[in-house]
Protein chains: 2
Amino acid sequence: MANFYIDTITVAHELPNNDRPKFYMFGVPSYTNMGDQAVALAERKYIENEFPEYQYIEIIEEDDDAAIPVVQKNLQPRDIIAFTGGGNMGNLYHNHEEARRKVFSTFTDNLTISFPQSIHFEDNEDGAAEKKKSQEAYSKNPNLVLVARDAQSFHRMQRTFRNPVIFTPDMVLYMNSVDWKFKRNGALFVLRHDTEKVVKQSTIDNVKNLLDETLPVERVDTVLDEPSTITPITRETLYEAELELFSHQNIIITDRWHAMVFSVLTGTPCLLFGNSYGKGKHAYMDWLEYVNWIDYTDEEDTERIKKLMQSLIVQKRHSYDVKRSFQQLRDTISHYAED
Amino acid sequence: MANFYIDTITVAHELPNNDRPKFYMFGVPSYTNMGDQAVALAERKYIENEFPEYQYIEIIEEDDDAAIPVVQKNLQPRDIIAFTGGGNMGNLYHNHEEARRKVFSTFTDNLTISFPQSIHFEDNEDGAAEKKKSQEAYSKNPNLVLVARDAQSFHRMQRTFRNPVIFTPDMVLYMNSVDWKFKRNGALFVLRHDTEKVVKQSTIDNVKNLLDETLPVERVDTVLDEPSTITPITRETLYEAELELFSHQNIIITDRWHAMVFSVLTGTPCLLFGNSYGKGKHAYMDWLEYVNWIDYTDEEDTERIKKLMQSLIVQKRHSYDVKRSFQQLRDTISHYAED
């Protein structure tokens, strides 16, 4: 039996019985990657703020299969189907891609939105086989709109699929910035343990040695060890705890794109290194290059890295504006909602 | 009296008298920057290939003022107004920006397209004053669509103007590639002389010394010294001569974005350095990063530059696909043309 998360605090096994049009978000993470959790949180905030006439209903990924027939039975013409964004379209995470195919190829009569994603099908046998399956599934839905969160992904989606592709920032950049004015005292390494990791351990060790001389240094990942799962009801508290952690740091060293986003939101200096296919680099270049207190690098030379960090730490916060760039998503939903 | 360039080979002082809908392209360059000339050529090819029902009429920039009242008198509801693309929206080239304002604020009842551009208003008094004038002019046209040719410009246009913004590659990437299999023997430096130049002379000298040992080295600019002007009738021959020049080189060293594009089209290894506001860097990252025989760098270290060049020179050509990424432009025109 599927759980439906309705209006942030309600979880039910049945869909609400009212006249409001529904916005169904499938594939919502229950795993503890705070980047993906922040995406899911921002998606809810976005729809609830910008399209308040819609009732927003989340389905966590494990419940997708059980929820599909229930949603099918209740579906009305103005309802919108969506699949959560993040950074996992492609063949690196088979489970997510399979769930996406199933949702896209099922609800073919309603506007279906693949929320802002990066995409990477590897140039090997698995990549080619998975790409073919996705092409077949996506092509069944004439009402499917793909949203790319960086220009590299925009271009790749257009080369891979026949569906229309629109271009917006990562959803977490829709969240408001915070300025809690905590005393900052520390350097935080936020590093991957997964298959996307490419930054060399020797580079990390060198940077750590540099910082060790002046600041308390800690290492974490944006994937939490506990709790073991997160639901739409518990995630906002954990998201705020994450922003609080960042707000206490002098600098963040990371290879996680969302650690850079949390740094932007909290005004925390941040140096981002690459992952296996450049998703952070491209999103940085596209939306955040003019934000003074963050930077991206592929550099391995310790002296050059030191200079980059020194210049970041002394930067002053300034205003930035990314929200206007959700315009193509807004237009896509508005046109459908008003028809 | 204005000249109207019709069907590539005809120039007339009057507009054609027939039932075909018209596509008017204003601001077409007569100056000898081959990048801007290639843009104008590609714009014509694009509309003539993709929307053959439209009759394509070009107005060179000097004739804009004289042509405006003539076009106004003849304008029909299905006609489309456009202003040529390139890399000059902003306050660096007052004359182009003034011409753009005049066209956009005049033809407010028809679809008006600002063809793919990069944008840069400087962060100074002139930049602020010019930006305000453009905001006022552009806001008068509810049917104006801006097209950005890189993600940085997409984001900047959205922060600067209230008009819808779409995202496509530079128009020259619509041109077909060529493979003339000439013997390659030379290194060509294609370098700016204008205000956008930032690459250091010492860096150029170092690279030149490296190459001098092995190859005949020449320096040119994509801005030709002669002829003194170019018209829509003479430009295709000059464009082909430019591709021929590139096709004879082993490597191109440049700070001109369109020199990189000509290198892509001709399969010529190319290393691109930055300009004053990153337009080449961003366009490279967005559309061409996966093309093996070209690269972008801000590097000043001669040894590192040497390695980059060595790896470019041995790359094999491969296929690439940018044309699918004109989709948003195609949709914009199709929706209007079919209404």
C-alpha center-to-center spacing [region A:290-339, region B:269-339] in angstrom: 21
Rounded to a whole number of µm²/s, how large is the Stokes-Einstein D of chain A at 37 °C and 0.692 mPa s, given Rh as the Kirkwood radius over C-alpha pairs? 159
Average accessible area per residue (Å²) across the protein assembly as shown - probe 1.4 Å, nucleic acids and ligands excluded: 40
Partner lysines for B:LYS73 [C-alpha distance under 23 Å; skip if fewer than 8 residues away on the same chain]: B:LYS22, B:LYS102, B:LYS140
Angle check, please: helix A:235-247 long axis (alpha carbons) against the longest principal axis of chain A (alpha carbons), in degrees 0 to 90, nearest 10. 20
Copy-to-copy spacing for A:VAL11, label 7 Å out on the Cα-to-C-beta vector, in nm, shortest first? 7.4
Can you pull out the buried accessible area for chains B and A, both sides counted, probe 1.4 Å, rounded to the nearest 100 Å²? 2500
Given label points at 7 Å from Cα along Cα→Cβ, what nm distances, shortest first, separate B:GLN315 from the same residue in every other copy? 2.9
Region A:97-168 and region B:207-259: distance between their alpha carbon centers, rounded to Å: 40
On Cα atoms only, tilt of B:125-139 relative to the major axis of chain B in degrees: 40
Chain B: most fluctuating residue of B:ASP109, B:ASP179, B:ASP63 per GNM, C-alpha cutoff 10 Å: B:ASP179
Of the peptides B:77-85, B:265-273, how do they stack up when ordered by the mean number of other Cβ atoms within 10 Å, highest first? B:265-273, B:77-85
Evaluate the charge dipole of region A:187-313 about its Cα centre and quote only its size in Debye, nearest 20, assuming +1 on the Cβ of each Lys and Arg and -1 on the Cβ of each Asp and Glu. 180
Quickly rank B:217-223, A:28-34, A:166-172 as a protection proxy: mean count of other C-beta atoms within 10 Å, highest first. A:166-172, A:28-34, B:217-223
Quick one, what does Rg over Rh come out to for region A:106-215 if you take C-alpha atoms and the Kirkwood Rh? 1.13
Estimated [θ] at 222 nm from DSSP helical runs (n ≥ 4, -39500 (n - 2.57)) normalised by residues in chain B, nearest 500: -12000 deg cm²/dmol
Picking from B:TYR5, B:LEU75, B:SER334, whose Cα lies most toward the positive end of the charge dipole for chain B (charges on Cβ: Lys, Arg +1; Asp, Glu -1)? B:SER334
Which of B:LYS183, B:LYS45, B:LYS208 moves the most in a Gaussian network model of chain B with Cα springs under 10 Å? B:LYS183
Give the residue from B:THR195, B:SER247, B:SER153 lying farthest towards the positive end of the charge dipole for chain B; charges sit on Cβ (+1 for Lys and Arg, -1 for Asp and Glu) and the dipole is referred to the Cα centre. B:SER153
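Could you tell me what percent of the accessible area of the protein assembly as shown is made up of carbon and sulfur, with a 1.4 Å probe and every protein chain present? Let's see the in-between values first.
Numbers: 12880 of 27290 Å².
Heavy-atom surface of the protein assembly as shown belonging to carbon and sulfur, 1.4 Å probe: 47 percent.
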So the label point sits 7 Å from Cα along the Cα-to-Cβ vector; using that for B:GLU226, what distances do you get to the other copies, in nanometres, sorted shortest first? 8.3
Using the Cα gyration tensor of region A:109-160, with a ≥ b ≥ c the square roots of its eigenvalues, what is the shape: rounded (a/c below 1.5), prolate (a/b larger than b/c) or oblate (neither)? oblate
Mind pulling the angle between the C-alpha long axis of helix B:94-106 and the longest principal axis of chain B? Nearest 10 degrees, somewhere in 0 to 90. 30
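List, in the order given, every pair from B:LYS183/B:LYS323; B:LYS281/B:LYS306; B:LYS131/B:LYS279; A:LYS181/A:LYS208 whose Cα-Cα distance in the structure shown is over 22 Å. Don't skip to the answer; put the middle values down first.
Details: B:LYS183/B:LYS323 29 Å; B:LYS281/B:LYS306 19 Å; B:LYS131/B:LYS279 18 Å; A:LYS181/A:LYS208 25 Å.
Correct reply: B:LYS183/B:LYS323; A:LYS181/A:LYS208.
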Taking max minus min of the Cα coordinates of the protein assembly as shown on each principal axis, largest first, gives extents in Å of 72, 62, 52
Expressed in angstrom and rounded, the centroid-to-centroid distance over alpha carbons for region B:1-43 and region B:55-74 is 9
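Take each of the peptides B:94-106, A:153-165, A:120-132, average the number of other beta-carbon atoms within 10 Å over its residues, and list them starting from the highest. Intermediate results must be reported in sequence, preceding the final value.
Working: B:94-106: 18.8, A:153-165: 21.6, A:120-132: 14.2.
The most tightly packed comes first, giving A:153-165, B:94-106, A:120-132.
For peptide B:167-175, how many partner chain Cβ atoms fall within 10 Å of a residue's Cβ, on average? Could you put the intermediate results ahead of the total?
On the way: counts 8, 0, 2, 0, 0, 0, 0, 0, 0.
Shielding by partners across B:167-175 averages 1.
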Selected from B:TYR54, B:TYR24, B:TYR290 as most flexible by GNM, with chain B as the system and alpha-carbon contacts under 10 Å: B:TYR290
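The values are calculated or read from the model by the stated rules, or taken from the named source; none is laboratory data. Predicted model only: the values in this text are computed from it and were never measured. A quick note on method: Cβ atoms are made from the backbone with ideal geometry, for glycine too, and the neighbour counts reach across all protein chains shown. Ligands, DNA and RNA are excluded from the accessible area calculation, which covers all protein heavy atoms including side chains. Shrake-Rupley method; radii C 1.70, N 1.55, O 1.52, S 1.80 Å.
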